[in-house]
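Colleague: Got a structure here, written out as structure tokens. Questions coming.
The values are calculated or read from the model by the stated rules, or taken from the named source; none is laboratory data. Only a predicted model underlies this, so the values are computations on that prediction, with no experimental measurement involved. Here the Cβ positions follow ideal geometry from the backbone for every residue, glycine too, while neighbour counts run over all protein chains shown. Each accessible area value is taken on the protein alone, full model and side chains, heavy atoms only, with ligands, DNA and RNA left out. Shrake-Rupley method; radii C 1.70, N 1.55, O 1.52, S 1.80 Å.
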Amino acid sequence: MTSAVLQVSDLRVTYYTDSGRTRAVDGVNLTLYAGERLGLVGESGCGKSTMALALMRMIKPPGRIESGSAIVGDETDNVDMLKLNEEQVLQARLSRIAYIPQGAMNSLNPVMRIGVQMIDAIQAHRPKATKTEMREQAEAALESVELKRGVFHMYAHELSGGMKQRVCIAIGILLSPKVIIADEPTSALDVVVQRQVMETICKVQEKIGATVILIGHDMGLMCQITNRVAVMYAGKLVELSTVREMFTNPMHPYAKALIASLPNLDNKGVFRGIPGLAPSLLKLPSGCVFHPRCQYAMDVCKTTMPQQSVTKSGRYVYCHLYDKDGNQVSGTPLIKPEAVTN
Amino acid sequence: MAPLLELRNVSKIYSQGLLSREQTIALDNMSLVLDDSKPSIVAVAGESGSGKTTMSMLALGFIEPTKGEVLYKGKNLYKLPANEHLKFRREVQAVFQDPFAVFNPFYTIDHLLTVPIDKFKLTKSKKQARTMMEDALSAVGLRPDEILGRFPHQLSGGQRQRISVARALLLKPTLLVADEPVSMVDASLRATILESLKKLKKDYGISILYITHDLTTAYHISDSIIVLYRGGVMEAGDVDTVIKNPKHPYTKLLIDSIPWPDLKLRWGTTDLQAKEGEYKSTTGCRFAGRCPFVMPKCKETVPPLFQTDKTRAAACFLYEENPQLARQNITELISA
């Protein structure tokens, strides 16, 4: 196994709002290895973006990172994003961990040429670099995302949505970070362009050997792109497993419902939504947060929060149906991927 | 069969520029008849800029066609007398893309639903109005007591989108134009909205024009599909035939790019030709610049529709040996 490049442990983020405290990210543990692509999925408001922001140290009041650590880098050279001071954080961003925000393509400055915006980013990290060096670096980044060097001189409005998204990826990889977080990079794009952009991300990632965290709710995309999938629900990580395991044998009831709700070619006209609504983070249900919607809910689920189970193959799951080694607790209903009925 | 809504050789051209009139053909010579004898769901699919929203705007009578005419029950939409136009407004309803933008945030859901009732004088009694609202909400799978009296911001995107559907249903329309109704909604809630749309067709006999870029949902909900590319029909026909065995290179590309949530189906077997923004041809097939099978003739003449199967036609010279189908007869494939 290659070395870990991102170790998140017990990450907690709380927003202090007028109507109460909301735990947007509640005790998330994650380890990512070099060259891996992780998909982070969940319904809107489940805390996926908050988690990404926390890793970047970009949580603003009323939000606060309560606890946890996020170690970026391998054994020889690493930093804990959550313990750095302001100055160090600025240095670590982009050079160690890059974030491509949601709707990034609309974040380009319309009155600045693309190149100027890219050089801005390089200058902040390499103040001594000469103009030609910076320009070369920026153009190389543009080339690596399959854009022409000429894009350097263009304005954002001269580019199509897919091209703008690629410019944002190019900015993200300027300094070859070890971790790239892409927050719904293709949610506003067409399928064909989406495929082009995703293929670009994968190619670039392989080239610089980074880890990608792909945030989104399109399970289809996750299936095609990622190696592992983490499912979040109401601020908690409920399951983390490889794509194959997730799609063939989901362990957590929510993951299972999510997989079952996916349309595919064989189950035409069968719509299986997840009954109920995601809880408001202000008023979380007692015990396991998923129990009001869970078809396997037991009495213990209503009162006690499930502990993390780790299976032999390294899957995490938080559910009372499993003991701490990830074996099914005897006497509980067996979760099987439901056969497709037509 | 009586035609309900008919697009007859409709083109829509947007021109811009003061001196050099640069023209964009948003929709080119489109003909389609939606018939009222048998309710059906017709999907119109294509990427952005393919003219699918233009088509929905034309069908709703929001914009006037540059050429051709839009007919409602055999009469030109733009020449309807006032009372008939009001009737059209009631019978043809719309559901739009963004559930967060369509509601006035200052009004409660009750108010939002009362407006159409008052406007179209559906009932005078308040009690009856309430029953109508409750029925419409239940029909889309919402619990009226949870919804009525609330403000839009208190509801989730999925709930709001279903309220849009309920509002349309209230007026007992004969046709619903749904323009990307699920693209802004969480994947886990899509299923419920599609389910309620399907129910409209089954229980209330409402035809639906389902405009989308998402072929997955189009496949699941519709009976037939029209694939548009830069304003022109590329392939049309029965949805099962088209999606499971696409003929036109563009449809193939689209279907190949869908990220299916299935480990057996991998992405990217057909090569992606030419990057976006680089395809501008003035004559010949619109897709020629990106087509992997392009022939010299594709760049000179616009391919007509060739009927490859009983229920499907593709506008591509690869299928020349098949009989031609006049563009205005697309409907035959759809109602077959």
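Colleague: Just give me the residues in the range A:205-217 being open to solvent by 10 Å² or more (accessible area, probe 1.4 Å) and in contact (Cβ under 8 Å) with a residue 60 or more places away in the chain, in sequence order.
Modeller: The answer is A:206, A:207, A:209, A:217.
Colleague: Sticking with this structure for a sec: Considering only the range A:105-120, state which residues are among the hydrophobic types (A, V, I, L, M, F, W, C) and modelled with pLDDT of 90 or more.
Modeller: Answer for the range A:105-120, where residues must be among the hydrophobic types (A, V, I, L, M, F, W, C) and modelled with pLDDT of 90 or more: A:111, A:112, A:114, A:116, A:118, A:119.
For (1) closer than 25 Å to residue A:169 by Cβ; (2) β-branched (Val, Ile, Thr); (3) assigned to a helix (DSSP H, G or I); (4) outside the structural domain of residue A:70 (by TED's automatic domain parsing), each residue gets a yes or a no:
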site: A:192; (1), (2), (3), (4): yes, yes, yes, no
site: A:203; (1), (2), (3), (4): yes, no, yes, no
site: A:220; (1), (2), (3), (4): yes, no, yes, no
site: A:263; (1), (2), (3), (4): no, no, no, yes
site: A:267; (1), (2), (3), (4): no, no, no, yes
site: A:279; (1), (2), (3), (4): no, no, no, yes
site: A:306; (1), (2), (3), (4): no, no, no, yes
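Colleague: Another one. Take the residues in the range B:178-199 that are part of a helix (DSSP H, G or I), in contact (Cβ under 8 Å) with a residue 60 or more places away in the chain and more than 9 Å from chain A (Cβ to nearest Cβ); name whichever of them is most open to solvent (accessible area, probe 1.4 Å). Explain how you work it out, then say what you get.
Modeller: Initially, the range B:178-199 is screened for residues part of a helix (DSSP H, G or I), giving B:187-199.
Narrowing the set further to residues that are in contact (Cβ under 8 Å) with a residue 60 or more places away in the chain leaves B:197-199.
Still in the list and also more than 9 Å from chain A (Cβ to nearest Cβ): B:197, B:199.
Working: B:197: 1, B:199: 75 Å².
Ranking the qualifying residues of the range B:178-199, first place goes to B:199.
Colleague: Which residue out of B:135, B:145 is under 28 Å from the mean Cα position of the chain (by Cα), open to solvent by 30 Å² or more (accessible area, probe 1.4 Å) and among the acidic types (Asp, Glu)?
Modeller: On the way: B:145 fails: under 28 Å from the mean Cα position of the chain (by Cα).
Within the list B:135, B:145, the selection yields B:135.
Colleague: Suppose the filter is of a type in the set (S, T, N, Q) and at negative phi; does residue B:29 pass it?
Modeller: Against the criterion (of a type in the set (S, T, N, Q) and at negative phi), residue B:29 does not qualify.
Colleague: Continuing with the same structure: Does the range B:117-131 contain any residue that is within 14 Å of chain A (Cβ to nearest Cβ), open to solvent by 40 Å² or more (accessible area, probe 1.4 Å) and farther than 19 Å from residue B:192 by Cα?
Modeller: Just the residues of the range B:117-131 that are within 14 Å of chain A (Cβ to nearest Cβ), to begin with: none.
No, the range B:117-131 contains no residue that is within 14 Å of chain A (Cβ to nearest Cβ), open to solvent by 40 Å² or more (accessible area, probe 1.4 Å) and farther than 19 Å from residue B:192 by Cα.
Colleague: So if I check each of B:216, B:251, which one is within 30 Å of residue B:14 (Cα to Cα), touching a helix residue (DSSP H, G or I) at 6+ places or on another chain (Cβ under 8 Å), open to solvent by less than 30 Å² (accessible area, probe 1.4 Å) and assigned to a helix (DSSP H, G or I)?
Modeller: Details: B:216 fails: within 30 Å of residue B:14 (Cα to Cα).
After applying the criteria, what remains is B:251.
Colleague: So the check is Cβ under 9 Å with 6+ separation or different chains; which pairs have a first residue in the range A:137-150 that's open to solvent by 10 Å² or more (accessible area, probe 1.4 Å) and a second one that's of a type in the set (Ser, Thr, Tyr)?
Modeller: A:144/A:200; A:146/A:200
Results for (1) touching a residue at least 60 places away in the same chain (Cβ under 8 Å); (2) within 11 Å of another protein chain (Cβ to nearest Cβ), shown as yes or no for each residue.
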site	(1), (2)
A:259	yes, yes
A:273	no, yes
A:277	no, yes
A:284	yes, no
A:289	no, no
A:297	no, no
A:301	no, no
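Colleague: May I ask you to list the residues in the range B:295-336 that are among the aliphatic types (A, V, I, L, M), in contact with a helix residue (DSSP H, G or I) (Cβ under 8 Å, 6 or more places away or on another chain) and surrounded by 19 or more Cβ atoms within 10 Å (Cβ to Cβ)?
Modeller: Residues satisfying the conditions are B:305, B:313, B:314, B:325.
Colleague: In the range B:39-67, what residues are farther than 15 Å from residue B:4 by Cα and in a loop (DSSP other than H, G, I, E, B)?
Modeller: B:46, B:47, B:48, B:49, B:50, B:51, B:62, B:63, B:64, B:65, B:66
Colleague: Looking at the range A:97-133, which of its residues are touching a residue at least 40 places away in the same chain (Cβ under 8 Å), open to solvent by less than 30 Å² (accessible area, probe 1.4 Å) and within 27 Å of residue A:78 (Cα to Cα)?
Modeller: A:97, A:98, A:100, A:118, A:121, A:122
Colleague: Given the conditions (1) at pLDDT 90 or above; (2) in a helix (DSSP H, G or I); (3) within 25 Å of residue A:4 (Cβ to Cβ), which single one is not true for residue A:135?
Modeller: That leaves (3) as the condition not met.
Each row is one residue, and each column tells you yes or no for (1) more than 30 Å from residue A:255 (Cα to Cα); (2) buried (at least 20 other Cβ atoms within 10 Å of the Cβ); (3) not hydrophobic (A, V, I, L, M, F, W, C).
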{"position": "A:3", "(1), (2), (3)": "no, no, yes"}
{"position": "A:16", "(1), (2), (3)": "no, no, yes"}
{"position": "A:39", "(1), (2), (3)": "no, yes, yes"}
{"position": "A:48", "(1), (2), (3)": "no, yes, yes"}
{"position": "A:52", "(1), (2), (3)": "no, yes, no"}
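Colleague: Right, here's the next one. Give the number of residues within the range A:127-140 that are more than 20 Å from residue A:167 (Cβ to Cβ) and touching a Leu at 6+ places or on another chain (Cβ under 8 Å).
Modeller: Result for the range A:127-140: 0.
Colleague: Here are the criteria: (1) open to solvent by 20 Å² or more (accessible area, probe 1.4 Å); (2) within 13 Å of another protein chain (Cβ to nearest Cβ); (3) not in a helix (DSSP H, G or I). Tell me which single one residue A:247 does not satisfy.
Modeller: Of everything listed in (1) open to solvent by 20 Å² or more (accessible area, probe 1.4 Å); (2) within 13 Å of another protein chain (Cβ to nearest Cβ); (3) not in a helix (DSSP H, G or I), residue A:247 misses just condition (3).
Colleague: Within the range B:32-65, work out how many residues are at positive phi, in contact with a strand residue (DSSP E or B) (Cβ under 8 Å, 6 or more places away or on another chain) and surrounded by fewer than 20 Cβ atoms within 10 Å (Cβ to Cβ).
Modeller: Of the residues in that region, 1 qualify.
Colleague: Considering only the range A:165-190, how many residues are part of a helix (DSSP H, G or I) and open to solvent by less than 20 Å² (accessible area, probe 1.4 Å)?
Modeller: 7
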